[in-house]
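The values are calculated or read from the model by the stated rules, or taken from the named source; none is laboratory data. Everything numeric here is computed off the predicted structure, so don't read it as measured data. Cβ atoms come from the backbone with ideal geometry, glycine included; neighbour counts cover every protein chain shown. Surface accessibility is based on the protein's heavy atoms, side chains included, excluding ligands, DNA and RNA. Shrake-Rupley method; radii C 1.70, N 1.55, O 1.52, S 1.80 Å.
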Amino acid sequence: MCCKTHVEHGLDMFVAETKSYPILTELSEQEKLSTKCDYCEEAALYLVANE
């Protein structure tokens with residue numbers, strides 16, 4: 001989960017760890033309210049995953 005500031009870093013880390021291309025999905029409004037960025041304390045806006 002990444003905020004707008006860390007989305008590029010999240011994508012880079014995913015590729016480095018999995019050696020595959022990620023899918024970037026915008027979180028729903030409900031998920032945005034309850035989910036923190038993995039790299040800071042800001043609200044997460046995106047999910048970086050392979051499915």
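Details
- In the stretch 12-24, residue nearest to the chain's Cα centre (by Cα) [restricted to those that are hydrophobic (A, V, I, L, M, F, W, C) and over 14 Å from Glu51 (Cα atoms)]: Met13
- Residue check for Glu51: over 11 Å from the mean Cα position of the chain (by Cα), outside any helix (DSSP H, G or I) and loosely packed, with under 12 Cβ neighbours inside 10 Å: yes
- Close contacts from the stretch 23-49, counting a first residue that is without any contact (Cβ under 8 Å) to a residue 24 or more places away in the chain and a second that is in a loop (DSSP other than H, G, I, E, B), with Cβ to Cβ under 8 Å and a gap of 6+ residues or different chains, come to Glu26/Leu45; Glu31/Ala44; Lys32/Ala44; Lys32/Leu45.
- Any chance Lys32 is out of contact with any Asp or Glu (no Cβ under 7 Å at 6 or more places or on another chain) and open to solvent by less than 50 Å² (accessible area, probe 1.4 Å): yes
- Of the residues making up the stretch 1-22, not one is of a type in the set (A, V, I, L, M), part of a loop (DSSP other than H, G, I, E, B) and over 13 Å from Tyr46 (Cβ atoms).
- Whether a residue is open to solvent by 50 Å² or more (accessible area, probe 1.4 Å), in contact with a Leu (Cβ under 6 Å, 6 or more places away or on another chain), not in a helix (DSSP H, G or I) and not aliphatic (A, V, I, L, M) was assessed, and Thr25 passes this test.
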